[in-house]
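What follows is calculated from the coordinates using simple rules that are stated; it is not laboratory data. No experiment lies behind these values; they were computed from the predicted model shown. Every residue, glycine as well, gets a Cβ built from its backbone with ideal geometry; the counts of neighbours run over all protein chains shown.
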Amino acid sequence: MSADNFKQKIDQLTKDLTGRLKAGDSPAQVLKDPQLKQAFSDLSDLAGSLRQSAGQSLNQLRQTIADYRPEDSGSNDSEPGPGVFFDPTAPIDIGGQMPAPLPPAEGGSIHPISQALEEAVDIFSRMGFEVVESRQIDSEYYMFDSLNFPAGHPARDEFDTFHLANDDPTGRPLVAPAHTSSMQNRVLKERKQQLEDGQPVAVIVPGRVFRNEDVDATHDHMFYQLEGIYVDQKVTVANLVATLKEFFQDYYGQALEVKIQPFYFPFTEPSFELAISCPFCQQKKPDCRVCSQGWIEVLGCGSIHPNVLSAAGIDPQKYSGFAWGMGLMRLAMVKHNIEDIRHFVSGRVEFLRQF
Amino acid sequence: MQVNLGWLKDYVDWDVAVDSNGLIELIARRLGEIESVDDLADKYRPAEVVLVESVEPCPGRDRIRVAKLKTSDGIKTVVCGAPNLRAGAWAFWLPAGGVVPATYASNKPLVLEAKEIGGVVSEGMLLSPAELDWGPDHDDGIVLLGEESRAPFWAESQKTKKPAIGQSLAEYLDLGLVIDIENKMFTHRPDCFGLLGVAREIAGIVGQPFRSPDWYHLAASQTSNSDPEIVIDCPDFVSCFQIARLKNLTVRPSSVSVLARLSSVGIKPVNNLVDITNYMMYLTGQPTHVFDWKALGQPARLGVRRSRPGDELELLNGQTLKPVDDQPVTLVVADDHPVALGGVMGGQKTAVGDQTDEVVLECANFNMYDIWRTTMNYGLFSPAATRFSKGQSPHQIEPVIRRTAELLALTGGGEVVGFPGKSVGKLALPDPVSVSPEFINDRLGTDMSVDKIQAVLAGVELHSEIDGDGCLAVGVPFWRTDLQIAEDIVEEVGRLAGYENIEPSLPVRSISPPPPNRQLRFNQSLRQVLSGAGANEVYGYSFVGADLLESSGQLPQKSFEVKKPLRPDLQFYRQSLTPTVKALISQSQRTAPAPLALFEIGCCHWLGGPVDDEGLPLDQPRLGLVYLADKTQSSRPFYSARRYLDLLAKSLGVDLDYRPAAARDLESNWPAPYRSGQSATVWLGGEAIGVVGGLGDSLAGFEIDPRALNRLVSASARSYHPLSRYPASRQDLTLRVGTSVLYADLLTCLEGVLSQSDYQAQLSLLSIWSPPDQDQFKHVSWRLELTSHDQTLQTAAVSAVVDQLVSAAAAEFKAELVT
C-alpha cells in the first residue's frame, strides 16, 4: 500500500469515527470500532518509515477519540418533545401537566434491608451504641493484619476475599472487605481517649461486604453486615450474651433463649456462633421452615483478641471487650421468611412493594 | 472431620444418650458445630454374618458355584462367582430385598431380588468390597472374615471379636453413627484433625477418662542419620524429617475391619500399607507417606529441598507438577530427584504397588504457610495438605513414625530396618501458660473455684499447678500448638465447663447518650420522602461489568478493578449509581407497569477520587433515582425526575437551583449516562450537589451527593413567616415571554419585586404553555397570594403589585401581560 493510499484511508477513518462521536456514540464505543483495529493491523504491511508515520497518525486519532467531549449543544441530542425548548429551571414542561406526573404514592417502598438496618440501629442506639459506617474498599492491613491474621496464614483464605488489581500506597493490593470487622482497628484507635476517660467504646458498624462465593438462594457475593464492638474494663462473655439477647428480644418482640457455641475467628478469643430460639415456632414445630431443631444461627461473635486491642494501642491487660458480625440480609430473611437472597438485588417491584 | 462413634469408643466412654439432647448436643455446644449425623447401620442393613457350609459346582456353568449358607433365617442358597469362596469361611450375606450398600446413597439404590442363575434360585448375595463401598474389588473376590488379628486397632483396644451367625454386619464391625464436625472449628486445632484429638475433647466434655495411648507419648529419641543419609536443604520449610525403612513386606488388601473403618470416615482404601498410613493420619492428624524403596532407586541420600527450574514430578493423582520459578515448592528428593510434593502428595513412580516388598516410611514436619501457598498456587488439595496447613506439632513425628512402622510390619509381615532422621535445631516444647483464676472468671463472667478450673482443664490432659501468686501454670502438651496466651485458657475453661452455664448480664455503663450518626438518619428521611411519593428503593451490586460502564459513557480504566471477578459483569467498582438503577428499571418494566421510579442510596468509587490520610480510597455516597414514564405521558420525563428532587427539597426546607448542564459537567463531575442537552446540574447554597437529566425517550433520573445535601441543609435555617390576622388576597397572573427565557430567571425577577413589597407574598405556578402556532412564545401563569399583617388587602392594592411585576418582567424580558 502506498503512502497516499494509507493517508486517504486514515482520513476516511477519521471522518467516519468522528461522525460516530458526533452522532452520540461514546469514545469507549468508538475505540472498539473494527475499522480502527483493522487499520492498526494493516500497519505491518507498510514499509519501515511509512509505518512509523502512519502509526503516529493512528495513535493520534485514537487519542483524539479518547479525549472527545461533545460540545454543549443545547437541544442537539434531545428528542422532539412537546415543547422544543428545554428549560430545566422550570418545574414542568411547556404544555406539561402540573405538577409533573409521578407513580401512585401507595406503590412506594423502602428496601427491606434498609428497614432491617433502621430497626437494628434504633435498638442499638437505644442501648447506647454509636453508629459508624463501613467502607467498600480497604487495605489488607485493616482486613487482616490489624485483626490478628498473621501474614500468609491459611485462615485468610477462609474469608474468600476479593483482591483488587489496584494497590494501596504501600504497594499491597486493595481488598473488597469480606467483613465489617475491617473497621475495628479504626473504631478502637479513634476512641482510645474516650476509653481512658472512663467511657466504654460502644459502636455498631453497618456495611456492605463481599465474598468470592457462588451465588445461590442463600449465598451472594455481596451482603450486609452489622459489626458490634464493645470495650471497657472487665467486659465479660456474660455481657456479650446478654447484650445480643437483649437485641434479638427487642427485634423479634418476644422473650427468646440464646446459646453460644464454640467457633474460630482469629480476631476473637474465645469465639462463638450465637443462636436464638426460634421466634416463629417457639421451638415447638419439628417441621418449622425457619429454624433447625428450634434454633436459628444468627451471628459470629467473641471476646476481642488481645492482639486486636494492642494493634489499636489499647492495653489488653486493662481493657477487654466483645465484638460480633451480624448478617442484616439474614436478619431480614428470617424475619420475613424470604426464600431467596437474590430477591434483594433483583429490583423486582413485586418483591419490593411487599415491604 | 468425620467421626465414627464406634471407633471413638476405643478411647473414651460416655454415659449420656447419643442423640440431639445428649452427646450430639454436648459436642455441638462444647466442641464444634455438627454438620451431619449418619447412621451406617441403615446403609448396611440387612447384611449379616454367615458361615459358608458347603460349596458345590453349578451344573453346566464353569465360572459360578452354589453355596449353602448358615444364616439367621436357616440355610440359604446363593450362586456366587467369587474365586475365594470356600466352605468353612465367614462372609457377609445380603438377603433378597436388601439394598446393595454401595448404591445406598445413590439416586437409584439397587434392591436385590431372588434370581434364578444356572437353574438355581440365588437367595441374595455374598458381598465383595466394592459392593460394600469399601473400594475396588481385588480378584473379584468376596469379603472373608477372620483376619482381624492383623487389624491395628484391635491390637490397640485390646479387644477380640469373633464372628457369629446372624450377627448384623454393622454390629459386627461397630458401624453405627458417624458425625461430621465442621472443619472451620478446627482451623487453629491441628490435633482435632485426628481422632485422638477429638476423643480427648469428648472425654473432657462428658467428664470421662480419656484412654490416651501410651505410644503417643513417646519422647523424641536420638536418631541416626545414615542409610540413607537424611538431608534437609530447606530448613525454613521443613523442621524435622524422619524415615523408617522396612523390608520383607507383603502388599495385599487390608483386613475387613480396616476397610470398614477407613471407609466409614470417607477414606478410600488402597492396600494394607497405604491404608495404615491413612489410618495413622486419621488417628493423629500427622500425615506420613510410604515409598517403594526400589522404585526410589535405593538412594544414598533422601531428604527435602526447594524446587528448581526444570524440576518435574508425576503425582499420584496423575497430574504432572512443573513448579514455576516464582512459586517454588518443597520437594522430597531421593539423590536429588523429586519423588514427592512435600506435605501434599506422593509421586506416581515411587508409589507402593503389588510387588513392593521394601519401603521407606517418611514422616516430616512441613511449614504450614508453605503448604497452604502450594495448595493455593497449584490447586492441589489432599487430606495431608489440609492437616499440614493447620500447623502440626513436630513432636508428633517420633511417636507416629514408630507406631506406623510397627503397624506396617504387623500388617505386611515384615520388619523394621532403621529410623534415620534429622531435625533442624532443638524442637522446643510449648511453654506453660500462666493465668490467674480471677482473670478467667473476669473474662467469662463466672465464679468458678480453682479446683473446678483445674478439673475442667485436666479433663483434656491440660495439667496445671498453682504458683506462689495464686496463678495457674498450665502445662501445654505438644499437640496443643494453639495454647499460647491466657485468653486461650479462658476459652478452654469456658467451653469445656459449658458456655450455657454462664449467666447473661448486661454491661454497666454511664447513661450519657452516644453521638448521633446524622447522615444515616438523614438518608432515612430521604427514603421516607421518595417512597412516600411512589418510588421504590432498590439495592444494586457494587460491582459492574465493562459493558455497563461503557454503555454509560464511563471508562472501565477509571474504575477500581476486582482481580479475580466471579463473572465479567462483576469486574469493576461502579462509578455512579444511575447505570445500575437504570438497568434494574429496564428489567422491572416487564412486570410492573410505568410510571415507575426506582432509587438507591449507595456508594461509588473511581480511581483518582478522594482518599483518606493514609491514601486509601473513600466511599463516595450517592442517591440515584431513575423514573420511567408511561407511554401516555406527554411531557418530558425529566420533569418527573426533577419533581422528586423538589419534593426532597421541600421536605428539607430548602430550594434547589437547576442550571443547564454542559457536557463537561456530566463527564467530569457526575459520570452518568445523562443526555447533555436535557440535563441540569443541581445547586444548593452555591454548591453543585448533583445532576438531573434525561436518560432516554421515556427515562430520566438524578444522582446527587446526599452527604453534601445534608451538610448544606444543616447550614441553612428554615425561614418562618408569622401568621397574619388578615386573610390572604389572591390573583392569577399570566405573562407571555419568549420561549428561550429561563423560568428561573423570570421567577427571580418577580421575586425581586415581591421582596420589596410590604406584604408577605407567594407565587404558585399554575401552568406553562405555548399558544398554537406560536412556538417562539410561552405563557406562564401563577397564582399570586398576598398577605398583609395590618389590613385586609383590597383589589387595588393587589393590582398595584401585579402592575409592578408586569413592568419589571417587561423591562427585563419583554414580557406581556396576558388578559
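Annotations
- The ratio of the alpha-carbon radius of gyration of the range B:282-401 to the globular-protein estimate 2.2 N^0.38 Å is 1.00.
- Number of partner chain Cβ atoms within 10 Å, mean per residue of A:119-131: 3
- Cα long-axis angle, helix B:272-284 against chain B (0 to 90 degrees, to the nearest 10): 50 degrees
- For GluC sites (Glu not before Pro), the sites in the range A:251-327 that DSSP calls loop and that have at most 16 other Cβ atoms within 10 Å are A:257.
- Each principal axis of the Cα atoms in chain B has its own extent, and those three values, largest first, are 127, 83, 59 angstrom.
- Euclidean distance between Cα centres, the range B:159-195 to the range B:322-385, Å: 29 Å
- Mean residue ellipticity (222 nm) of chain B, computed from DSSP H runs ≥ 4 via -39,500 (n - 2.57), nearest 500: -8000 deg cm²/dmol
- You can think of it this way: the chain between residue B:314 and residue B:518 has 67.2 nm of extra reach, that is 0.36 nm per residue less the Cα-Cα gap.
- Shape category assigned to the range B:518-646 from the gyration tensor of Cα positions, a/c cut at 1.5: oblate
- The range B:364-393 residues near the modelled residue B:236 label - backbone nitrogen below 14 Å, point 7 Å along Cα→Cβ: B:367-371
- Note on chain A: Rg/Rh from Cα positions, Kirkwood definition for Rh, rounded to two decimals, is 1.15.
- Exposure proxy ranking, count of Cβ atoms within 10 Å, fewest first, for B:487, B:312, B:35: B:312, B:35, B:487
- Using a Förster distance of 60 Å, the FRET efficiency for residue B:807-residue B:613 (Cβ separation, nearest 0.05): 0.55
- 11 Å beta-carbon shell around residue A:200, net charge (K/R +1, D/E -1): 0
- Look at where the Cα atoms of the range B:523-590 and of the range B:686-742 average out, and the two centres are 27 Å apart.
- Here the range A:142-192 is treated as a Stokes sphere of Kirkwood radius computed over C-alpha pairs; at 20 °C and 1.002 mPa s its diffusion coefficient rounds to 181 µm²/s.
- Taking the Kirkwood radius as Rh and the Cα radius of gyration as Rg, the range B:595-692 has a ratio of Rg/Rh equal to 1.00.
- Anisotropy class assigned to the range B:490-576 is oblate, per the alpha carbon gyration tensor with a/c at or over the 1.5 cut-off and a/b no larger than b/c.
- Efficiency of FRET between residue B:500 and residue B:354 - r from beta-carbon atoms, R0 56 angstrom, step 0.05: 0.55
- Here the calculated FRET efficiency for residue A:43 and residue A:257, from their Cβ-Cβ distance with R0 = 60 Å, stands at 0.20, rounded to the nearest 0.05.
- For chain A, taking a cut-off of 4.7 Å between Cβ atoms, the unpaired cysteines are A:301.
- Rounded if a/c under 1.5, otherwise prolate or oblate - the range B:349-406, Cα gyration tensor axes: oblate
- The phi torsions of the range B:386-391, fed into the Karplus equation with coefficients 6.51, -1.76 and 1.60 and a -60° offset, translate into couplings of 4, 6, 5, 6, 9, x Hz, rounded to whole numbers, with Gly and Pro shown as x.
- Neighbour-limited loop hits for GluC sites (Glu not before Pro), the range A:174-248 (at most 15 other Cβ within 10 Å; DSSP other than H, G, I, E, B): A:213
- Over 20 Å apart at the Cα level, from the set A:245/A:335; B:322/B:422; A:192/A:245; B:70/B:108; B:247/B:268; B:268/B:390, are B:322/B:422; A:192/A:245; B:70/B:108; B:247/B:268; B:268/B:390.
- The length gained by stretching the chain between residue A:33 and residue A:12 to full extension, at 0.36 nm per residue less their Cα-Cα distance, is 6.2 nm.
- Mean Kyte hydropathy of 0.5 or more with a Cα span along the axis of at least 27 Å, helices from DSSP in chain A: none
- Placed amide H near residue B:818: partners under 5 Å, 5+ positions off or other chain: B:734, B:735, B:736
- The range B:622-660-the range B:403-453 distance, computed between alpha-carbon centres (Å): 70 Å
- 5 angstrom amide H check on residue A:299, placed H, neighbours 5+ away: A:274
- Cα-based helix-to-principal-axis angle, B:638-652 vs chain B, degrees rounded to 10: 90 degrees
- P(r) tail fraction, the range B:380-456 - alpha-carbon pairs more than 20 Å apart, %: 63 percent
- ³J(HN,Hα), Karplus 6.51/-1.76/1.60, whole Hz, each residue of the range B:11-17, x for Gly, Pro: 10, 8, 10, 9, 10, 10, 5
- Taking trypsin sites (Lys or Arg not before Pro) across the range B:627-724, the ones in a DSSP loop with at most 16 further Cβ atoms lying within 10 angstrom of their Cβ are B:631, B:718.
- Comparing the protein assembly as shown with the 2.2 N^0.38 Å rule of thumb, its C-alpha radius of gyration ratio is 1.20 (two decimals).
- Chain lengthening between residue B:53 and residue B:327 when straightened (0.36 nm per residue, less Cα-Cα): 92.4 nm
- Total formal charge among the other residues, if their Cβ is under 12 angstrom from that of residue B:591, Lys/Arg +1 and Asp/Glu -1: +2
- The 3J(HN,Hα) values that the Karplus relation (6.51, -1.76, 1.60; θ = phi - 60°) gives for the range B:556-571 are, in residue order, x, 5, 8, 9, 5, 10, 6, 5, 10, x, 5, 8, x, 7, 10, 9 Hz. Gly and Pro appear as x.
- Helix-only [θ]222 nm of chain A, DSSP H runs n ≥ 4, -39500 (n - 2.57) each, per residue, nearest 500: -10000 deg cm²/dmol
- Residues whose placed amide H lies under 5 Å from that of residue B:427, excluding near-sequence neighbours: none
- Its convex hull of Cα atoms gives the range B:530-598 a direction-averaged projected area, equal to a quarter of the hull surface, of 5.3 nm².
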